[in-house]
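Undergrad: Dropping the structure in here first, questions after.
The values are calculated or read from the model by the stated rules, or taken from the named source; none is laboratory data. Please read these numbers as outputs of a predicted model, since none were measured by experiment. Heads up, the Cβs are rebuilt from the backbone with ideal geometry, glycines too, and the neighbour counts pull from every protein chain shown. Side chains included, ligands, DNA and RNA excluded: accessible areas come from the protein's heavy atoms. Shrake-Rupley method; radii C 1.70, N 1.55, O 1.52, S 1.80 Å.
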Amino acid sequence: MSDPFVVVGGDAAGLSAASKCKREDPDREVIVFERGRWVSYAHCGEPYFVKGEVERLEDLLSLSPAEIDERGIDLRREHEVTAVDTDAETVTVDGPEGTHDQAYGDLLIATGGRAVTDPIEGADLDAALPMHGLDDAAAVRAMLADPSSFDVADLGGDPYVDAERARRYGAMAPPETVAIVGGGYVGVEMAEAFVAHDVEVHLFQRGDQLVPPFGEAVADAAAETLRGHDVELHLGTEVERLEGEDGRVAGLTCTDGTTLGVEAALVGIGIRPNTDLLADTAVRLGNAGAVAVDDYGQTSVDGVYAAGDCAEMRHVVTGDTAWVPLGLTANRAGRAIGASVAGDLTPVGGIAGTAMLKAFELECGRTGIVDHEEAREAGFDPVSRTITASSRSGYYPGAAETIVSLTADRETGRLLGGTIAGEDRAAVRIDTIATALEGGLTVDELERTDLGYAPPFSPVWDPVLVAAKVLGGEI
Ligand SMILES: Cc1cc2nc3c(=O)[nH]c(=O)nc-3n(C[C@H](O)[C@H](O)[C@H](O)COP(=O)(O)OP(=O)(O)OC[C@H]3O[C@@H](n4cnc5c(N)ncnc54)[C@H](O)[C@@H]3O)c2cc1C
């Protein structure tokens, strides 16, 4: 009986698992089903492709299908898995040659997430689209190009790009005004991309704060930076529907009755895990409909694993499960599962929700639990302090203000999370705090950490140490 390792989804989590398994156990048959044409691509680079900093779509691929083939992986693009039968240990696959059942020995669900657009009426109009996939990025960049000279080959996506959709967008008159619906990190990154094309940008955010997971200090700094680049922020304003004219977006209406004329809309209001496939199976779902897994990425069914944006993980601060769809999480969990399936049992690790964001010249980072309500729900008594310190010795050229917020548990002094914003390599400093969380350090222990110092890189007291010193004084 055939016992292949079958992977559903050919991007970060799926291909990390397939590659690792094949490397560790070259004799194992590894089959990857991907419903699209693109594989091994970087969603994270999509805003920078739209902006023009990344020239070609193909630059966003980590591995080409030929390279995947060279690794001995049986990659089947344009093959959608439509059902899973965990009793028979088979998946049903729809492909160009028809529908067939494929037996598996081990199965990985790495189906990622999908952009949420349904609460916004009119999100199916032309020039209204999410940013979730290289074909969305291709469509937006095509729309921003001059229709008289647009050539789909300029996108650099041949032979994978949805050329018909790109041509349709390339034929449109470029928008002078665009609405971004949603002030999460994708919305903020896309604001920068549109401004680079001299488009007037209106960013609508339902709550009063941009990028909520990054906390108030970062949100305020990001809002100030965006306004400084002429992005019109509509905070506390919920878009209800997009209005169309001749099938294309022509405006929008908010729940408070505000209306605005725009020629395009980017809908970035979040994602949902792609787990419909498992609806009638014994595979248990957890947080936000993501697949519940153990410390090895195994689901409630033996031999069935899940990783990446479709799966939850254990949070290093709370110890509970959480769903935080991010790139490293997907790659790392996939790789660990590939090793486990090949016989080297490897934990997928925990998550702290560590994330970084660039808003024009402002660099932002966040990790752990920074929201007090969330901290209290997890049983902590949170206390936070925010400081501003220099990124380098004050006399050294290039020094810039860095804002650091740290949150700790008042009773134990344990560090719970932190955020950072600034212009001079601020974002990467979040990794110090993430490492402290992973080690379960208290604020005092963080303050005593032996960080590096030299004037071009840091003042004697790194901004993270300054923040620890100030917060430690409160506990
Ligand atoms: C615009 C944007 C910017 C981002 N920036 C960052 C960033 O800066 N940092 C960061 O950490 N993260 C970022 N992310 C998130 C990061 O890209 C994801 O966490 C990561 O791609 C998840 O990988 P995955 O393999 O789980 O899912 P995906 O990359 O979504 O891949 C899942 C694959 O499964 C396929 N699939 C789904 N269902 C089926 C099926 N039934 N049959 C066959 N195939 C199927 C899909 O077609 C898809 O190719 C960003 C995401 C977006 C959209």
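Undergrad: Please state the relative contact order of region 94-170 as a whole percent: Cα pairs under 8 Å, 6+ residues apart? Before the final figure, lay out the partial values.
TA: On the way: 47 pairs, mean separation 19.8, N = 77.
Once normalised by length, the contact order is 26 percent.
Undergrad: How high is the relative contact order of the chain, given as a whole-number percent (alpha carbon pairs under 8 Å, six or more residues apart)? Display every interim value, and only then the final one.
TA: On the way: 1156 pairs, mean separation 65.9, N = 475.
Normalised by residue count, the contact order of the chain is 14 percent.
Undergrad: Using alpha carbon centroids, what distance separates region 232-254 and region 396-429, in Å?
TA: 36
Undergrad: Mind running the shape call on region 138-185? Use the C-alpha gyration tensor, a ≥ b ≥ c as the square roots of the eigenvalues: rounded below 1.5 for a/c, prolate if a/b tops b/c, oblate otherwise. Before the final figure, lay out each step's value.
TA: Working: a/c = 2.66, a/b = 1.44, b/c = 1.86.
Because a/c hits 1.5 or more and a/b fails to exceed b/c, region 138-185 counts as oblate.
Undergrad: Sort out for me the Cα centre separation of region 71-108 from region 338-394, rounded to whole Å.
TA: Region 71-108 and region 338-394 have Cα centres separated by 36 Å.
Undergrad: How would you classify region 361-472 from its alpha-carbon gyration tensor, with a ≥ b ≥ c the square roots of the eigenvalues: rounded for a/c under 1.5, else prolate if a/b is greater than b/c, otherwise oblate?
TA: prolate
Undergrad: Using only Cα atoms, figure out Rg for the chain and give it as a multiple of 2.2 N^0.38 Å.
TA: Details: Rg = 23.3 Å, N = 475, 2.2 N^0.38 = 22.9 Å.
That works out to 1.02 for the chain.
Undergrad: What percentage of the solvent-accessible surface of the chain, computed with a 1.4 Å probe over protein heavy atoms, is contributed by carbon and sulfur atoms?
TA: Details: 9040 of 20140 Å².
Of the solvent-accessible surface of the chain, carbon and sulfur hold 45 percent.
Undergrad: With a 1.4 Å probe and all protein chains in place, put L446, L326 in order of accessible area, largest first.
TA: Details: L446 0, L326 40 Å².
Solvent-accessible surface, decreasing: L326, L446.
Undergrad: Which value at 222 nm does the chain reach when only helices count, each DSSP H run of 4 or more adding -39,500 (n - 2.57), with the total divided by all residues and rounded to the nearest 500 deg cm²/dmol?
TA: -7000 deg cm²/dmol
Undergrad: How would L260, L60 line up by accessible area, probe 1.4 Å, largest first?
TA: Per-residue accessible area, sorted high to low, gives L260, L60.
Undergrad: Which ³J(HN,Hα) values, rounded to whole Hz and listed in residue order, are derived for region 427-442 from phi using the Karplus coefficients 6.51, -1.76 and 1.60 in 6.51 cos²θ - 1.76 cosθ + 1.60 with θ = phi - 60°, glycine and proline given as x?
TA: Listing the rounded values in order: 4, 5, 5, 4, 5, 4, 5, 4, 5, 4, 5, 4, x, x, 6, 7 Hz.
Undergrad: What number does region 310-355 give for Rg over Rh if you use C-alpha atoms and the Kirkwood radius? Intermediate values should be presented prior to the final figure.
TA: Working: Rg = 10.8 Å, Rh = 10.9 Å.
Rounded to two decimals, Rg/Rh equals 0.98.
Undergrad: Hey, what's the Cα Rg ratio for region 175-270 versus the globular rule of thumb, 2.2 N^0.38 Å?
TA: Compared with the compact-globule rule of thumb, region 175-270 sits at 1.01.
Undergrad: Separation between the D424 and D146 pseudo-spin-labels, each 7 Å from Cα along Cα→Cβ, expressed in nm?
TA: Reported label-point gap for D424 and D146 is 4.1 nm.
Undergrad: Counting only heavy atoms of the protein chains, get the accessible area per residue of region 361-472 (1.4 Å probe) and round it to a whole Å² value.
TA: Accessible surface, normalised per residue, equals 44 Å².
Undergrad: Which of the chymotrypsin sites (Phe, Trp or Tyr not before Pro) found in region 249-329 are in a DSSP loop and have at most 16 neighbouring Cβ atoms, other than their own, within 10 Å?
TA: Of the chymotrypsin sites (Phe, Trp or Tyr not before Pro), the ones in loops of region 249-329 whose Cβ has at most 16 other Cβ atoms within 10 Å are Y296.
Undergrad: Same structure, new question: Quick one: if the Förster radius is 35 Å, what FRET efficiency do E55 and A173 give, using the C-beta to C-beta distance and rounding to 0.05? Don't jump to the answer; show the numbers that get you there.
TA: Values: r = 24 Å, r/R0 = 0.68.
Efficiency computed from Cβ-Cβ geometry: 0.90.
Undergrad: I've got another one for you. On a 1.4 Å probe surface of the protein chains, which of I351, I269 comes out largest in accessible area, and what is the full order?
TA: I269, I351
Undergrad: Would you mind getting the accessible area per residue of region 128-269, heavy atoms of the protein chains only, 1.4 Å probe, in Å²? Intermediate results must be reported in sequence, preceding the final value.
TA: Values: 5800 Å² over 142 residues.
Per residue, region 128-269 has an accessible area of 41 Å².
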